[in-house]
Amino acid sequence: MSLRSRTRRSLATSTLALAGVVLLSGCTASVALEPAADAVNPGCADVVVHLPTLVADQAERETNAQATGAWGSPAAVLLHCGVAVPSPTTLPCLNVNGIDWIEDDSAAPLYRYTTYGRTPASEVVIDSGKVSGSTVLVDLAAVMAVIPATAKCLGAADVTLPTDGGTLAP
């Protein structure tokens, strides 16, 4: 083999190796999550196939658990489908683009939003230091709508009080 042939072969091998390194360095590790208890619910499959590639301008990430999603590097938005369906609560309930969400800010700046009135329920954890919670909920509203609502949040304005002068029992 001539020097010229060996040089070409060496150059081709080096180019392939460099291309492999460039491709692999662009890959990020998947986000490690645990699946929710009802992650095998067929409704969660509907949710996952509709997940957007961008949420609050954060790119979608690969996850290692069924019925989950993640966006941002590092992850700023995490989604679990198949969480426990919430019962009535005194936590705030927001309606964003037709989807009712129960808001839990007990771990602020991490906010936890859980769909209300939909089975299976989905939970979204948002790092409010990195992304806007309202933008995330708007971006995910169409996805959550694939699961039909069977109930809606109620507030004080939805309660009918007696008008006959009677009193409410303690």
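Among the residues making up the range 71-96, those that are among the β-branched types (Val, Ile, Thr) and within 14 Å of the chain's Cα centre (by Cα) are Val77, Val83.
If you take the residues in the range 119-140 that are over 18 Å from Ala76 (Cβ atoms) and out of contact with any Cys (no Cβ under 7 Å at 6 or more places or on another chain), which one is surrounded by the fewest Cβ atoms within 10 Å (Cβ to Cβ)? Working first, answer last.
Applying the first criterion (over 18 Å from Ala76 (Cβ atoms)) to the range 119-140 yields 119-121.
Filter again for out of contact with any Cys (no Cβ under 7 Å at 6 or more places or on another chain), leaving 119, 121.
On the way: Thr119: 15, Ala121: 24.
Ranking the candidates gives Thr119 first.
Out of the range 89-103, which residues are surrounded by fewer than 23 Cβ atoms within 10 Å (Cβ to Cβ) and either basic (Lys, Arg) or without any contact (Cβ under 8 Å) to a residue 60 or more places away in the chain (or both)? Of everything in the range 89-103, those that are surrounded by fewer than 23 Cβ atoms within 10 Å (Cβ to Cβ) and either basic (Lys, Arg) or without any contact (Cβ under 8 Å) to a residue 60 or more places away in the chain (or both) turn out to be Thr89, Thr90, Leu91, Pro92, Leu94, Asn95, Val96, Asn97, Gly98, Asp100, Ile102, Glu103.
Are any of the residues in the range 8-15 surrounded by fewer than 16 Cβ atoms within 10 Å (Cβ to Cβ), farther than 27 Å from Gly129 by Cβ, charged (D, E, K, R) and modelled with pLDDT under 95?
Applying the first criterion (surrounded by fewer than 16 Cβ atoms within 10 Å (Cβ to Cβ)) to the range 8-15 yields 8-15.
Keeping just the survivors that are farther than 27 Å from Gly129 by Cβ gives 8-15.
Pick out the ones that are also charged (D, E, K, R) and you get 8-9.
So of that shortlist, the ones also modelled with pLDDT under 95 come out as 8-9.
Checked the range 8-15: at least one residue is surrounded by fewer than 16 Cβ atoms within 10 Å (Cβ to Cβ), farther than 27 Å from Gly129 by Cβ, charged (D, E, K, R) and modelled with pLDDT under 95.
In the range 104-118, what count of residues is obtained for those that are surrounded by fewer than 17 Cβ atoms within 10 Å (Cβ to Cβ) and within 16 Å of the chain's Cα centre (by Cα)?
Adding up the residues that qualify gives 1.
For Val136, the criteria (1) over 15 Å from Gly43 (Cα atoms); (2) more than 12 Å from the chain's Cα centre (by Cα) hold in every case but one, which is (2).
A quick yes/no check of all residues on (1) surrounded by 10 or more Cβ atoms within 10 Å (Cβ to Cβ); (2) modelled with pLDDT of 50 or more; (3) of a type in the set (A, V, I, L, M):
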position: Leu3; (1), (2), (3): no, no, yes
position: Cys27; (1), (2), (3): no, yes, no
position: Ala36; (1), (2), (3): yes, yes, yes
position: Ala56; (1), (2), (3): yes, yes, yes
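Can you find a residue in the range 122-144 that is of a type in the set (Ser, Thr, Tyr), within 21 Å of Val49 (Cα to Cα), touching a helix residue (DSSP H, G or I) at 6+ places or on another chain (Cβ under 9 Å) and without any contact (Cβ under 8 Å) to a residue 40 or more places away in the chain? No, the conditions are met nowhere in the range 122-144.
From the residues in the range 87-144 that are of a type in the set (S, T, N, Q) and assigned to a strand (DSSP E or B), which one is farthest from Glu60 (Cα to Cα)?
Of the residues in the range 87-144, the ones of a type in the set (S, T, N, Q) are 87, 89-90, 95, 97, 106, 114-115, 119, 122, 128, 132, 134-135.
Narrowing the set further to residues that are assigned to a strand (DSSP E or B) leaves 95, 106, 114-115, 122.
Details: Asn95: 24, Ser106: 26, Thr114: 20, Thr115: 20, Ser122: 17 Å.
Within the range 87-144, the match that is farthest from Glu60 (Cα to Cα) is Ser106.
In this structure, Ala36 does satisfy being touching a residue at least 60 places away in the same chain (Cβ under 8 Å), assigned to a loop (DSSP other than H, G, I, E, B) and within 14 Å of Val125 (Cβ to Cβ).
Inside the range 39-48, can you point out the residues that are of a type outside the set (S, T, N, Q) and either buried (at least 18 other Cβ atoms within 10 Å of the Cβ) or not in a loop (DSSP other than H, G, I, E, B) (or both)? Step through it out loud before you land on a result.
Looking only at the range 39-48, we keep the residues that are of a type outside the set (S, T, N, Q), and these are 39-40, 42-48.
Within the range 39-48, Ala39, Pro42, Gly43, Cys44, Ala45, Asp46, Val47, Val48 meet the criteria.
The values are calculated or read from the model by the stated rules, or taken from the named source; none is laboratory data. None of the values given here were measured: they were computed from a predicted structure. Backbone-built Cβ (ideal geometry, glycine too); neighbour counts: all protein chains shown.
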